[in-house]
Amino acid sequence: MKTQRIPWDEYWMKIVNDVATRSTCLRRQIGALVVKNNVIVSTGYNGAPKGFPHCLDVGCRRDKLNIASGERHEECVGVHAEQNALLQAGRDAESATLYVNAYPCKICAKLIINAGIIKVVITGDYSDKEGLEYLRTAGIEIAFLN
C-alpha cells in the first residue's frame with residue numbers, strides 16, 4: 001500500500017511551527033525557515049539578541065509600555081524570526097523561499113526583499129499588513145496556507 005505524502009509547503013510549515021517553540025517572546029511564538037531547492041538553509045525564531053536576558057525571564061518591555069501589536073517595533077528588544085533566519089542564511093537566501101507562521105512586519109519585509117527571497121509562504125496573521133504590500137511591490141510571490 002502506497003502512503004500519500006504531504007505537499008512540500010505543508011512539510012516546511014510543520015517545521016516552522018516546531019522552530020517557533022524555541023521562541024522566548026511572551027506575546028507570540030514565531031518561527032521562520034529559509035528553504036532552497038527543497039533543502040533547509042536556515043531557521044530562526046523570535047527572541048532576545050545574544051547575551052541579552054530573555055523576555056521569558058524579565059518580562060515584556062512592550063507590555064510594560066502598553067504598546068499595541070504591530071506598533072513601535074523599536075521598543076522591542078527581540079529579534080524577529082525572519083531576521084534570525086536571514087542572518088543565518090546569509091547569501092544562501094538568494095532565490096530561496098521563506099516560510100513563516102505570521103505576516104512579516106515592514107522591517108522584515110524590507111530584509112526579505114534585499115536578501116533576494118523569491119517566495120514567502122505564510123500561515124497565521126499579524127495586525128500590521130503593510131509588510132505584505134512591500135513584498136507584493138517587490139514582486140515576491142506570496143502564498144497563504146490554512
Compute the accessible area per residue over the chain, keeping the other protein chains in place, probe 1.4 Å, unit Å². 58
Summarise the accessible area of region 1-140 (1.4 Å probe, protein heavy atoms) by the percent that is carbon and sulfur. 50
Please report, in cubic angstrom per residue, the volume enclosed by the convex hull of the alpha-carbon atoms of the chain. 116
Quick one: grab the alpha carbon gyration tensor of region 87-146, order the square roots of its eigenvalues as a ≥ b ≥ c, and give me rounded if a/c is under 1.5, else prolate or oblate depending on whether a/b is larger than b/c. prolate
Would you mind pulling out the separation of the Cα centroids of region 13-61 and region 73-109, in Å? 10
Value at 222 nm in deg cm²/dmol, rounded to 500, when DSSP H runs of n ≥ 4 in the chain each add -39,500 (n - 2.57): -9000 deg cm²/dmol
Suppose every K and R has +1 on its Cβ and every D and E has -1 on its Cβ; what is the size of the dipole of the chain about the Cα centre, in Debye to the nearest 20? 220
Restrict the search to region 34-105; then list the trypsin sites (Lys or Arg not before Pro) that DSSP places in a loop and that have at most 16 other Cβ atoms within 10 Å of their Cβ. Lys50, Arg72
Going residue by residue through region 106-116, the Karplus relation 6.51 cos²θ - 1.76 cosθ + 1.60 with θ = phi - 60° gives ³J(HN,Hα) values, rounded to whole Hz and with x marking Gly or Pro, of 4, 5, 5, 4, 5, 5, 4, 4, 6, 6, x
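The values are calculated or read from the model by the stated rules, or taken from the named source; none is laboratory data. Given the structure is predicted, the values throughout are model-derived calculations rather than measurements. Cβ atoms come from the backbone with ideal geometry, glycine included; neighbour counts cover every protein chain shown. Note: accessible area is taken over every heavy atom of the protein model, side chains too, but ligands, DNA and RNA are not part of it. Shrake-Rupley method; radii C 1.70, N 1.55, O 1.52, S 1.80 Å.
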